[in-house]
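Asker: One structure, as structure tokens, below. Some questions next.
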Amino acid sequence: MALIFWPTSEVDDHPGEDDHAQEEASTETPEGVITLSEEQISEAGIQLASVRSGAAVELVFPATVAASPTASARIDARASGVVRSVGKTLGDYVARGETVARIESADAAALASQVSAARARVSELSAAYERERRLFEENVTARQDLEAARANLSVARSELQRAQAAVAAAGVSGDGRSLAVTSPLAGRITAAPIVLGAFVDAGEELYRVVDPNGLQIEVALPSAEASRIQPGDEAVLVVGDGREIGARVRSVTPSLDPESRSATAVLSLSRGVPGLQPGAFLQARIRPSGEIDRDRIAVPEDAIQVVEGRDVVFVRTKTGFQAREVELGTRSAGQVTILSGLQEGWRIAVANAFLLKAELGKEGATHGH
């Protein structure tokens, strides 16, 4: 049903505001009119706010997606040997502590033999201690001999525990021939230079894992702008498909890179973003705290309503409200910059403005009949 926009009434007058500008704006451009009393406005919970000049300044910089130090890991070979099994490949998901490969190594045999030797030593000293205990109970040996046997057994048991812990940490197989390669964190494999059957040296890279929920954004700040950005500043990231993601400046490097002559700001994401990959390029809009553009107007996002594909704001009049079409700029932190359509001093509907949109639709439908 076509929406009918009626001839406008006068915009509400308020002491200290630009009455003449309001009257001109309301008579020059026909807009949809809604008649509501003060009591009806109050009962509907429609809140008003005065339009004031002053929008937050936004600085635009190129940005790069990177993994934070705690969200990326390089998985190296723990010992020299031959790769006997490969459990994961590029792009696979891995859990923390999951075995991703096994290396056949002499180190595995050495660790297994240490456990065997320690276990045999414990058995030997356990028998010696039991013998000394029986002799002591029969008053054949002195207490110091019993205490010495107990101390030797305790040392042997400690050595066995150490050897078993080393075997467990290395992931030695049951046959004592191979070592497990495990992931220190959960994430996805972003690099896998491992090759089945290849000989690898201790410390050689086998995998690289990144946790997609631990990403951060790195922004290159020109020297002239670096001092304006501080930790805690709000930011908006624009991805390739036009989505906007909230972020906040976590830190700024105190010095400039000697080659690029720029500082780096690290931004933390307010939430995980599906599909965001390390190395991707974004656009970052950062709002320096305390900097205001007095030549622009910003209003709460709740004040913006879409009527027949047009962005409108409901301006308070003497008899109710009138819908005025506006041109929108950037959005950030719940505020929208208005490029045209509003003037300072006007009062607009903010909270529950959607009720006015619904009422306007009802009136349009009634007059359409």
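Asker: Can you tell me the accessible area per residue over segment 195-243, all protein chains present, probe 1.4 angstrom, in square angstrom?
Answerer: Accessible surface, normalised per residue, equals 48 Å².
Asker: Using a probe of 1.4 angstrom, how much of the accessible area of segment 89-162 is carbon and sulfur, in percent?
Answerer: 50 percent
Asker: Please sort by residue number the trypsin sites (Lys or Arg not before Pro) in segment 82-150 whose DSSP state is loop and whose Cβ has at most 13 other Cβ atoms within 10 Å.
Answerer: Taking segment 82-150 and a limit of 13 other Cβ atoms within 10 Å, the loop trypsin sites (Lys or Arg not before Pro) found are 96.
Asker: Moving on. Between residue 84 and residue 60, what FRET efficiency follows from the Cβ-Cβ distance if R0 is 51 Å, with the result rounded to 0.05?
Answerer: The computed FRET efficiency comes out at 0.45.
Asker: Just order 173-180, 317-324 by mean Cβ neighbour count inside 10 Å, highest at the front, would you?
Answerer: The peptides rank, most packed first, as 317-324, 173-180.
Asker: Sticking with this structure for a sec: How large, in percent, is the carbon and sulfur part of the accessible surface of segment 166-260 at a probe radius of 1.4 Å?
Answerer: 52 percent
Asker: Next question, about the same structure. Give me the 1.4 Å probe accessible area per residue for segment 248-323, excluding ligands and nucleic acids, in Å².
Answerer: With the other protein chains kept in place, segment 248-323 gives 53 Å² per residue.
The values are calculated or read from the model by the stated rules, or taken from the named source; none is laboratory data. No experiment lies behind these values; they were computed from the predicted model shown. Here the Cβ is made from the backbone with ideal geometry for all residues, glycine too, and neighbour counts use every protein chain on show. Each accessible area value is taken on the protein alone, full model and side chains, heavy atoms only, with ligands, DNA and RNA left out. Shrake-Rupley method; radii C 1.70, N 1.55, O 1.52, S 1.80 Å.
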